[in-house]
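Structure, as structure tokens:
The values are calculated or read from the model by the stated rules, or taken from the named source; none is laboratory data. Remember, it's a predicted structure, so these values are computed and weren't measured experimentally. FYI the Cβ positions are ideal-geometry reconstructions off the backbone, even for glycines, and counts take in every protein chain you see. Ligands, DNA and RNA are stripped out before the accessible areas are found, and what is left, the full protein with its side chains, is counted by its heavy atoms. Shrake-Rupley method; radii C 1.70, N 1.55, O 1.52, S 1.80 Å.
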Amino acid sequence: MTGPPVDGQDTILTTEALDFVAALQREFVERRDELLAARKTRRDEVSRTGKLDFLPETQAVRDGDWRVAAAPADLVDRRVEMTGPTDRKMTINALNSGARVWLADMEDASTPHWHNVIGGQVNLRDAIRRDITFTNEKGKEYALRTDQRLATIVVRPRGWHFDEKHLVVDGSPVVGALVDFGLYFFHNAQELLDRGSGPYFYLPKTESHLEARLWNDVFTVAEQRLGIPHGTVRATVLIETIPAAFEMDEILYELREHASGLNAGRWDYLFSIIKYFRDSGPEFVLPDRSLIGMPTPFMRAYAELLVQTCHRRGAFAIGGMSAFIPSRKDKEANERAFAKVREDKQREAGQGFDGSWVAHPDLVPVCQEIFDSVLGDQPNQLDVLRDDVHVTAEDLLDIASAEGEITLAGLTGNVEVAARYLEAWLGGLGAVGIHNLMEDAATAEISRSQIWQWVHNGSRLDDGTLITAELVRDVMEQERSAIRAELGDAYDDRNFETAFRVLEQVALADDYVDFLTLPAYEAAAS
């Protein structure tokens, strides 16, 4: 262990807990490595053919009559889910928010700085034991409410691709997902059961049913090692990669004894489409990010297939997060955010989703009101089978259905969002409000990946200007100057120069970087 000291770490980094994580690493790291290699092989084939389809070898699973395990009592109603990182203030606010579920995020809304990795575990441990308070720099005190139900905790660990450099086993860094899962499960699984809940997880960045199988085996081994009853873990898988959209049935099947549902992780899904088909030709080039939403035909097809698949299998379908966030200081922006979120949640409730995400406590009542009106006395919409949905591979890949142009404003916006987000990320913040939109790693990935795709496909702006690396660098310099003018002398105390350097690497390098957080992680260390 090489990480710097973190307050409360002695309750988390015990010998027994570290031994548990090391055992998981030794048992599963080789399979993880093989699956990451399989990702590359599959992507290379898609790049060559421009095609992706449902797997013929798993047709029997798709045609089979099976269902996932019944949900535990505190996951039957998931109509509103609050998302956010696991810092101490957010932990308290999210649990108090009135949402049915809190997605305690150790992934895209957080950063893998060691103080976040371990501090988040400390906060979750304390919260589960109802022993958490926080006082901010102005003396305002935060504590858990005792007059209402607290949100059910569902933890999102890091994806399979990320390694935790501060923990090393047998000379290699431990898989970040196993660190996040292992420490949380070791310290809290039995405590959660004793309190009438359980160890529940969101699984990010999954690309295949074989990766889901790996997670299922991790859960089974962890349960066995700690004497936790088999099937106690419940997992909701984010369908946020394009290959996973073709394996929804198979993913649920592999996890069927531990599965809770699937989530339509829209922003990472959009990032994945750009990433997967970045070099497959102009028919896969998307217009300005702001023009693409869930009503876009290929996105609607993905959402409706997810609902149909989940409900056929007795699993919950959870909607995604609208990027709009309210502002208590700007009435007009506030009204716009509420209207956009209301429209988004009405669409999801109408499609049959069982609940949805919000990124701000003020949006919890908005989402709840909409789902209340649709659900009535029912806790979910599992009985809405969507037999009217008939989605084909062509529907999922109908990228050309996205209407609109690439504009200079869109290019400039992508540069600004990616740069400002990376600067915040380097400082330890994983979710950032920019122009009243909640930006996290997924939306920053869209921004830089669109730039890469536009440059490498010879795309043009709506006025005919060719998008070149030189043009992008000019826009970067304009944004750098604008931010410097905005911040004045404070600019030099921030991480913007490193952020722009990382952005140029991940947006313009000939060799596409799979995840911007990987070079950012190295830059943060240096």
For segment 172-263: rounded, prolate or oblate by the Cα gyration tensor [a/c cutoff 1.5]: prolate
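Which of the residue pairs 51/345; 40/345; 40/165; 89/205; 140/340 have a Cα-Cα distance greater than 29 Å in the structure shown? Write down the numbers at each step before the final one.
Details: 51/345 32 Å; 40/345 35 Å; 40/165 23 Å; 89/205 27 Å; 140/340 31 Å.
Going by Cα-Cα distance, 51/345; 40/345; 140/340 fall outside the 29 Å limit.
Got a number for carbon plus sulfur as a percent of segment 394-526's accessible area, 1.4 Å probe? Mind dumping the intermediate values first?
Working: 2560 of 5670 Å².
Here carbon and sulfur together make up 45 percent of the probe-accessible area.
Taking loop as defined by DSSP and a crowding limit of 14 other beta carbons within 10 Å, which chymotrypsin sites (Phe, Trp or Tyr not before Pro) in segment 399-498 fit? Intermediate values should be presented prior to the final figure.
Values: sites: 421, 425, 452, 454, 491, 496; in loops: none.
Within segment 399-498, no chymotrypsin sites (Phe, Trp or Tyr not before Pro) qualify (loop, at most 14 other Cβ atoms within 10 Å).
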From the Cα centre of segment 356-419 to that of segment 2-79, the distance in Å is 24
Residue 164 long-range amide H proximity, modeled H, under 5 Å: 174, 175, 176
How much of residue 502 can a 1.4 Å solvent probe reach, expressed as accessible area in Å² and rounded to 10? 10
Quick one: length gained pulling residue 225 to residue 53 fully straight, 0.36 nm per residue minus the C-alpha distance? 58.1 nm
Taking square-rooted eigenvalues a ≥ b ≥ c of the alpha carbon gyration tensor, is the chain rounded, prolate or oblate, where a/c under 1.5 means rounded and, failing that, a/b exceeding b/c means prolate? rounded
Return a whole-number percent for the relative contact order of the chain, with Cα pairs under 8 Å and 6 or more residues apart as the contact set. 16
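Quote the relative contact order of segment 380-492 in percent (integer), defining contacts as alpha-carbon pairs under 8 Å separated by 6+ residues. Before the final figure, lay out the partial values.
Numbers: 70 pairs, mean separation 28.1, N = 113.
It rounds to 25 percent for segment 380-492.
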Determine the dipole magnitude for segment 268-352: charges of +1 sit on the beta-carbon of Lys and Arg, -1 on that of Asp and Glu, nothing else is charged, the reference point is the Cα centre, and the result goes in debye to the nearest 20. 300
For segment 51-199, what does the alpha-carbon gyration tensor say about shape, rounded, prolate or oblate, given a ≥ b ≥ c as the root eigenvalues, a/c under 1.5 as rounded, and a/b over b/c as prolate? oblate
Hz values of 3J(HN,Hα) by residue in segment 69-78 - Karplus curve (6.51, -1.76, 1.60), Gly and Pro given as x: 4, 4, 6, x, 4, 8, 10, 6, 10, 10
Roughly how big is segment 138-271's charge dipole about its Cα centre, with Cβ charges of +1 (Lys, Arg) and -1 (Asp, Glu), in debye to the nearest 20? 640
Please list the non-local residues whose amide H lies under 5 Å from the amide H of residue 439, H modeled 1.01 Å from N, same-chain partners needing a gap of 5 or more. 432, 433, 434
Among 306, 350, 374 the positive-end extreme of the charge dipole of segment 290-391 (Cβ point charges): 306
Per-residue SASA entry for residue 156, accessible area with 1.4 Å probe, Å² rounded to 10: 10
In Hz, Karplus ³J(HN,Hα) per residue of segment 327-334 (6.51, -1.76, 1.60; θ = phi - 60°; x = Gly, Pro): 10, 7, 10, 10, 4, 5, 5, 5
Top positive-direction residue, dipole computed over segment 148-200 with Cβ charges, set 192, 148, 174: 148
Share of Cα-Cα pairs in segment 30-136 beyond 24 Å, whole percent, is 55
Got a sec? Charge dipole of segment 6-111, +1 on Cβ for Lys and Arg, -1 for Asp and Glu; which of 50, 61, 6 is way out at the positive end? 50
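So which GluC sites (Glu not before Pro) in segment 111-194 are both in a DSSP loop and have at most 11 other Cβ atoms within 10 Å of their Cβ? Before the final figure, lay out each step's value.
Values: sites: 137, 141, 164, 191; in loops: 137.
Filter output for segment 111-194: 137.
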If you stretched the chain out fully between residue 486 and residue 38, how much longer would it get, using 0.36 nm times the residue separation minus the C-alpha to C-alpha distance? 156.7 nm
Amide H contacts under 5 Å for residue 202, restricted to residues at least 5 apart in sequence or on another chain and with H modeled in the peptide plane, are 155, 156, 236
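Restricting to bridges with both residues inside the chain, how much of the DSSP beta-bridge set is antiparallel, in percent to the nearest 5?
On the way: 12 of 38 bridges.
Among the beta bridges of the chain, antiparallel pairing accounts for roughly 30 percent.
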Hey, what do the phi angles of segment 374-380 turn into as Karplus ³J(HN,Hα) couplings, whole Hz, using 6.51/-1.76/1.60 and θ = phi - 60°, x for Gly and Pro? 8, 6, x, 8, 8, x, 7
222 nm [θ] for the chain, helices only, -39500 (n - 2.57) per DSSP H run of 4+, per residue, to 500? -15500 deg cm²/dmol
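Subtract the Cα-Cα distance of residue 1 and residue 26 from 0.36 nm times their separation in residues, and report this length gain in nm to one decimal. Working shown, then result.
Values: separation 25, 0.36 × 25 = 9.00 nm, distance 1.60 nm.
That pair, residue 1 and residue 26, stretches by 7.4 nm at full extension.
Under a Cβ-only charge scheme (Lys and Arg +1, Asp and Glu -1), can you give me the dipole magnitude of the chain about the Cα centre, in debye to the nearest 20?
On the way: 56 positive and 87 negative charges, 198 e Å.
Result for the chain is approximately 940 debye, rounded to the nearest 20.
Normalised by the number of residues in segment 1-151, what is the relative contact order in percent for Cα pairs under 8 Å and 6+ residues apart?
Numbers: 135 pairs, mean separation 38.7, N = 151.
For segment 1-151, the relative contact order is 26 percent.
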